[in-house]
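The values are calculated or read from the model by the stated rules, or taken from the named source; none is laboratory data. Just so it is clear, the structure is predicted and the values come from calculations on it, not from any experiment. Virtual Cβ from ideal backbone geometry, glycine too; neighbours counted across all protein chains shown. To get the accessible areas, we keep the full protein, side chains included, count just its heavy atoms, and leave off ligands, DNA and RNA. Shrake-Rupley method; radii C 1.70, N 1.55, O 1.52, S 1.80 Å.
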Number of protein chains: 2
Amino acid sequence: VVTYDRQGGEDRVAKTEGIAAERGMTLIPPFDDPNIMAGQGTIGLEVVEQTQRHKRRPDAVLVPCGGGGLTSGIATAIKAHLPETEVYAVEPQGFDDTTRSFASGERERNQGPETGLCDALLAPQPGRLTFPINQALCAGGLVVGDDEVFAAMRAAFAQLKLVAEPGGAVALAAALSGKVDLKGRVAVIVMSGGNVDAKLYARAITEGA
Amino acid sequence: VVTYDRQGGEDRVAKTEGIAAERGMTLIPPFDDPNIMAGQGTIGLEVVEQTQRHKRRPDAVLVPCGGGGLTSGIATAIKAHLPETEVYAVEPQGFDDTTRSFASGERERNQGPETGLCDALLAPQPGRLTFPINQALCAGGLVVGDDEVFAAMRAAFAQLKLVAEPGGAVALAAALSGKVDLKGRVAVIVMSGGNVDAKLYARAITEGA
């Protein structure tokens, strides 16, 4: 593992590309790549299969969104099979670049330093490849605060017995805090990771934000 | 929910039977009942199905054991389909009544009081119905300490992203601490619950025992 100084403003993409070039390695980008998007889209296929098996049709699918790779892959798969199902991109407050880009129609950037509770979702702006897809397929963007993220992590701990990292819990946070009306509707929530520091997790489940 | 004074020596079984008689209710016992044992045994059927689907035959199945209902149900299902698979009853230190009963051939009691980290596994002695089955079908009993239980809860948190309560983690604890040699063997670990107080869980994942 090669670390970088996020707070100090070091550019992780430039640094990674430098290492790959120097050592002749293949770069696997985190989101703005057709194969990554397609691979993450298999989650959308699983949603289609599993809801069909339970004889349900999801009205809404909520997906944690950073650079938009996961969202674009899932939206592509969902919309191909279930064109009426709404797909929402869910972002943390301060990193709502995709939501703002939906509003303006252009790829907006986030302000300031790349730091925040949801450290899996801190891409500076929507991807070149991911944004047009999300713009065409998503019903909208939803934005959640840190307190809502912690509440979702607590709910996943207490009710689902699942460990969610902050960025992995934003879609559940949006559902639980009513960012979109799900009353009487069938909703699928994607929880996209559980890589969370034990001390932070302990704080989330005992104290909140 | 009707509470009782465990530390003060109140008998929960007597109290429950009293309430049931008084109100004309049906008592659903926690372990020493053929239907409960059969119902918990469906986990054993799932183990058989899922390991077959993955083209594996388990060499060992480790099960958390309190009164022995879960163990007897699972052992019955496993041994019916996979007679060569070993089933182990795993208990916390101080509540190793089943392990000691395997040795003596009689239903041994734990020494008082009914209190401990693994509060799901504090039955005072093996069941009348469960013990003969476990005696006939189990390969043996394994006993783990509180520090090993906490280490297993941490491993489930960090590696599996699953929330385990202390009593639910004893079988994983036995596997991780090498109470039975699983090297090169196929083992199934039953994690039997995640009902754990947030403060205790926070301590388990950050500090240990």
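If you go through region A:61-79 and keep only what is among the small types (Gly, Ala, Ser), part of a loop (DSSP other than H, G, I, E, B) and touching a strand residue (DSSP E or B) at 6+ places or on another chain (Cβ under 9 Å), you end up with A:66, A:68.
For region A:105-148, how many residues are of a type outside the set (Lys, Arg), outside any helix (DSSP H, G or I) and closer than 22 Å to residue A:6 by Cα? The qualifying residues number 20.
Here are the criteria: (1) over 16 Å from the mean Cα position of the chain (by Cα); (2) part of a helix (DSSP H, G or I); (3) surrounded by 13 or more Cβ atoms within 10 Å (Cβ to Cβ). Tell me which single one residue B:58 does not satisfy. (2) is the only condition that residue B:58 fails.
The number of residues in region A:165-195 that are farther than 13 Å from residue A:65 by Cβ, among the polar types (S, T, N, Q) and out of contact with any Asp or Glu (no Cβ under 6 Å at 6 or more places or on another chain) comes to 0.
Could you please find all residues in region B:188-209 being assigned to a helix (DSSP H, G or I) and either open to solvent by less than 10 Å² (accessible area, probe 1.4 Å) or farther than 21 Å from residue B:91 by Cβ (or both)?
Applying the first criterion (assigned to a helix (DSSP H, G or I)) to region B:188-209 yields B:198-206.
Residues satisfying the conditions are B:198, B:199, B:201, B:202, B:203, B:204, B:205, B:206.
The set of residues in region A:24-36 that are part of a helix (DSSP H, G or I) and under 15 Å from the mean Cα position of the chain (by Cα) contains only A:36. Consider residue B:39 carefully, then state whether it is touching a residue at least 24 places away in the same chain (Cβ under 8 Å), open to solvent by 10 Å² or more (accessible area, probe 1.4 Å) and part of a helix (DSSP H, G or I). Considered against the rule, which asks whether it is touching a residue at least 24 places away in the same chain (Cβ under 8 Å), open to solvent by 10 Å² or more (accessible area, probe 1.4 Å) and part of a helix (DSSP H, G or I), residue B:39 comes out as yes. Only one of the numbered conditions (1) within 14 Å of chain B (Cβ to nearest Cβ); (2) under 18 Å from residue A:74 (Cβ atoms); (3) part of a helix (DSSP H, G or I) is not met by residue A:174, and that is (1). Kindly establish whether residue B:196 is within 14 Å of chain A (Cβ to nearest Cβ) and of a type in the set (A, V, I, L, M, F, W, C). So residue B:196 passes the test. Residues of region A:122-171 that are among the small types (Gly, Ala, Ser), open to solvent by less than 10 Å² (accessible area, probe 1.4 Å) and within 14 Å of chain B (Cβ to nearest Cβ): A:156, A:164, A:167, A:168, A:169.
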